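Okay, structure first, notes after.
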Ligand SMILES: [Fe+2]
């Protein structure tokens, strides 16, 4: 492959070509693995298998999952592509067939005649990986999720026993309610401007759909829950399928429209509340909760739509900062306050506090002005009680991925958990970092050194009690 034309396929964004299985003889453990860890750290990301004709970071690239399994102090690693029908078709023909979300290509008739995947829209399965109802899924917000086995082999597309209809696109950012185990998710469709909240019970059985009507389909990536509400940001960010088919830039930012915040009752009863404010974009919420009749949302604020369609022009160099938004349902007033001046993305919390009052957020962060194509060289801890941001730097040129809070099963305290993320440091190679959530002064308690590279990717999660058997 010649990837020189693609800034977001350089350095540690470049794909790996191998699927690997590393056992204890291959992995080097520096420090001590916490013995109470039973489960797996898994991260999804884009890893192009064939020469791309076009590449829009962060939406393109075949999904690949990297996993580190923990049991009784023992550790194993695997990485696998998600075997989507698009990838399987390209493998059959031995070349690139499908285009990008930024530039769709018609599928050749010979591919369709040979039983290849007929949809020009590649389900990349590259955005997130979750474990819910004892099932493992990779998610991509433009289509169905893929069901995987614990060893990362692909079972196939999953429709939640018929709850998803052809054309439904399930979000890659569902939330799990810590009280009920419910999966709060949503669907959109390529052929409709509307949005549907989808609620599944703790076993993954569909419970209810709450429709939300829009005049125009917006790019809505994440959602947030509180005890009683589901909140989404409707930014003036749009994608035109027609323009993508013509090869024109399909992404639009129309700031004069402002941003709307839609607050939806979780039980599906009562009216939605709509708040309006100046235009902003956000990929990711950190958390949200209700207090004193108000709704608080912590999130990573971005000034506008951050697609790097115009790669190399610096469009990706937009400030991203942790903000706290307060919504007052009585006055309909929105107040917005910057929490930290650190560049950050991929915000996470102790998931036991999802939708509830909490103290700490964690995010991939940079101690430079921006996290540019070299990624994030720090993990940040954002203390919402004191306002303090602490950074742990892995090395000036290191790339640190989304930090996941892994709860300590023996403690309810956020500080007693561990923060895990993949780190690639040119000076010391690839490792999984395990930091103490309560100690950002002394660096990783443990590094699991991996002989192969883990390219920069997207979302990760801790899969409690998931093992290889
Ligand atoms: Fe995301």
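The values are calculated or read from the model by the stated rules, or taken from the named source; none is laboratory data. Model, not experiment: these values are computed from the prediction. When we count neighbours, we look across all protein chains shown, and the Cβ atoms used for this are built from the backbone with ideal geometry, even at glycine.
Data table
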read-out: The range 417-430: number of residues that are in a strand (DSSP E or B) and free of Cβ contacts under 8 Å to residues at least 40 places away in the same chain; value: 4
read-out: Search result, residues across the range 46-62 that are within 13 Å of the ligand (Cβ to nearest atom), more than 15 Å from residue 10 (Cβ to Cβ) and at pLDDT 95 or above; value: none
read-out: Qualifying residue in the range 191-212 (condition: within 16 Å of the ligand (Cβ to nearest atom) and touching a residue at least 40 places away in the same chain (Cβ under 8 Å)); value: no
read-out: Residue identified as under 24 Å from the mean Cα position of the chain (by Cα) and within 16 Å of the ligand (Cβ to nearest atom) among 461, 425, 399; value: 461
read-out: Qualifying residue in the range 100-108 (condition: out of contact with any helix residue (DSSP H, G or I) (no Cβ under 6 Å at 6 or more places or on another chain) and within 16 Å of the ligand (Cβ to nearest atom)); value: yes
read-out: Matching residues in the range 320-355 - criterion: being away from the ligand (no atom under 16 Å from the Cβ) and in a helix (DSSP H, G or I); value: 352, 353
read-out: Criterion (out of contact with any helix residue (DSSP H, G or I) (no Cβ under 6 Å at 6 or more places or on another chain), closer than 25 Å to residue 130 by Cα and more than 16 Å from the ligand (Cβ to nearest atom)) met by exactly one of 65, 16; value: 16
